[in-house]
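Here the structure comes first, spelled out in structure tokens, and everything after it is commentary.
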């Protein structure tokens, strides 16, 4: 039973939160994610949820409060962007190492500086090694659907890790789009009640969470944490299958768009994938075999599956909406190239940096990328492997 | 669920270590040998001791056991040899041995 509406990405996520009715939300406002706790706090004030809303004094406190409440046994969440995520940094790792399935609605915004409030992925990409599951959304519908699926993945017994559901700041968070919502009872039935196996408020079971791990324990703890993160891949697929049965909308580890027979492939994350699909459509109409792979799950990174999906591509463009300052590639480029290398696939891969600090990226820009890929194949000259798109020279 | 602090030990494999190193038992910090950090070691001279228990109250690690208002010898599994007890003792009943375990 779907409900048609028109909502901003922030509103859509806030509604998903209302439908989930978590136990605790701790949050501190920051553009462009402010609207999520703002909208949700009105649900709290109106008695539409029975969530304890904690208006904390900083994002470090927001994540710390979420860790405390989740450890106590409460289903907890928060939302943030950019420098807010940066201020959470220290405790992001604690949430993951303590195996607390907190959900975080991240509205991607660039990290300062130069100071800028608009979209790029430098915030979440910086946190990619913090041990959180990361899922990215192309549009408002995906942001909503991914958030509805979040706890089912994070709380799974084989996983028990925090999860970050990302969407692009302003581009999807503030823009209003048509959307199909699930009925409240369907979301509640799908997500279910939270019954943690062990929690601090259980007086029958003394429990210490987050003890000091001397060097005799630390490596084993990390290795076990890695296994849980790897398990999130299959769980993400299983949950998506159940979600498809409920909603009719299908999700995987990534989306392949006209990729099967594509000579030239583009790998991309987030809202710009929608623009790039328009470029693919235009070039397909002109008889060119181009396609696209849109990342949904970035952590854990489904490298084997991505390499298999790209095995027929002759030239590949990896689109990074962040600068890694290693002089060679962005985080997506590094992951994809590493996955191809391990699969013994050696196509030319051009890594583009685009859309930093909210720089607009157009269908024409992506057509230029595909034209460059075609030129590389025809001239057999890769040229520079690391490029900036739509940069004033 | 059973209260079992033994699920997490220094020989447990990564497959069996508890999630996030959580400890499903209470009062087990006493099992953690912090005494091996010690450089200098206090020596209790029982015949000089008047049982004023000043040393007990200043010990940061609860390493001076008390039974029926009488202190006994040090708990060397937890004493880090800070020497505060020797400093406060009015009767010279605690001496620090340099570099001795």
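Results, tabulated for the structure shown:
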{"read-out": "Given (1) surrounded by fewer than 16 Cβ atoms within 10 Å (Cβ to Cβ); (2) within 8 Å of chain B (Cβ to nearest Cβ); (3) farther than 24 Å from residue A:68 by Cβ, number of the condition residue A:220 does not satisfy", "value": "(1)"}
{"read-out": "Residue count, segment A:325-349 (criterion: outside any strand (DSSP E or B) and either touching a residue at least 24 places away in the same chain (Cβ under 8 Å) or assigned by TED's automatic domain parsing to the domain that holds residue A:127 (or both))", "value": "17"}
{"read-out": "Residue under evaluation residue A:231, criteria (1) outside the structural domain of residue A:122 (by TED's automatic domain parsing); (2) in a helix (DSSP H, G or I), criterion not met", "value": "(1)"}
{"read-out": "Single residue of A:59, A:90 found to be more than 14 Å from every other protein chain (Cβ to nearest Cβ), under 20 Å from the mean Cα position of the chain (by Cα) and surrounded by fewer than 24 Cβ atoms within 10 Å (Cβ to Cβ)", "value": "A:90"}
{"read-out": "Subset tally (residues that are crowded, with 24+ Cβ neighbours inside 10 Å and in a strand (DSSP E or B)) for segment A:7-44", "value": "3"}
{"read-out": "Residue ID - nearest to residue B:22 (Cα to Cα), chosen from residues in segment A:202-228 that are part of a loop (DSSP other than H, G, I, E, B) and more than 31 Å from the chain's Cα centre (by Cα)", "value": "A:207"}
{"read-out": "Any hit, segment A:73-82, residues being within 14 Å of chain B (Cβ to nearest Cβ) and either under 27 Å from residue A:197 (Cα atoms) or in a helix (DSSP H, G or I) (or both)", "value": "yes"}
{"read-out": "Check on residue A:183, away from chain B (no Cβ under 14 Å), surrounded by fewer than 18 Cβ atoms within 10 Å (Cβ to Cβ) and within 28 Å of residue A:128 (Cα to Cα)", "value": "no"}
{"read-out": "Long-range neighbours under 6 Å by Cβ, at least six apart or interchain, first residue surrounded by fewer than 16 Cβ atoms within 10 Å (Cβ to Cβ) within segment A:239-268, second in a loop (DSSP other than H, G, I, E, B)", "value": "A:244/A:250; A:261/A:289"}
{"read-out": "Given (1) over 23 Å from residue A:138 (Cβ atoms); (2) touching a residue at least 40 places away in the same chain (Cβ under 8 Å); (3) surrounded by 24 or more Cβ atoms within 10 Å (Cβ to Cβ), number of the condition residue A:77 does not satisfy", "value": "(1)"}
{"read-out": "Scope segment B:21-53; condition away from every other protein chain (no Cβ under 13 Å), part of a loop (DSSP other than H, G, I, E, B) and in contact (Cβ under 8 Å) with a residue 24 or more places away in the chain; matching residues", "value": "B:38, B:39, B:40, B:45, B:49, B:50, B:52"}
{"read-out": "Test: residue in segment A:102-123 that is within 14 Å of chain B (Cβ to nearest Cβ) and within 25 Å of residue A:69 (Cβ to Cβ)", "value": "yes"}
{"read-out": "Test: residue in segment B:11-18 that is part of a loop (DSSP other than H, G, I, E, B) and more than 9 Å from chain A (Cβ to nearest Cβ)", "value": "no"}
{"read-out": "Checking residue A:352 against (1) closer than 22 Å to residue A:121 by Cβ; (2) without any contact (Cβ under 8 Å) to a residue 40 or more places away in the chain; (3) surrounded by fewer than 17 Cβ atoms within 10 Å (Cβ to Cβ), the condition it does not meet", "value": "(3)"}
{"read-out": "Sole exception among (1) without any contact (Cβ under 8 Å) to a residue 24 or more places away in the chain; (2) closer than 16 Å to residue B:97 by Cβ for residue B:73, by number", "value": "(1)"}
{"read-out": "Filtered residue count, segment A:140-151, keeping only those that are in contact with a helix residue (DSSP H, G or I) (Cβ under 6 Å, 6 or more places away or on another chain) and more than 19 Å from residue A:199 (Cβ to Cβ)", "value": "6"}
{"read-out": "Flag for residue A:167 being away from chain B (no Cβ under 13 Å) and in contact with a helix residue (DSSP H, G or I) (Cβ under 9 Å, 6 or more places away or on another chain)", "value": "yes"}
{"read-out": "Flag if residue A:258 is at pLDDT 95 or above and within 20 Å of the chain's Cα centre (by Cα)", "value": "no"}
{"read-out": "Residue in segment A:49-57 that is in contact with a helix residue (DSSP H, G or I) (Cβ under 9 Å, 6 or more places away or on another chain), more than 23 Å from residue A:155 (Cα to Cα) and in the same structural domain as residue A:218 (by TED's automatic domain parsing) present", "value": "yes"}
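The values are calculated or read from the model by the stated rules, or taken from the named source; none is laboratory data. The structure displayed is predicted, hence computed values, not measured ones. Because the Cβ atoms are built from the backbone with ideal geometry, glycine has one as well, and the counts that use them run over all protein chains shown.
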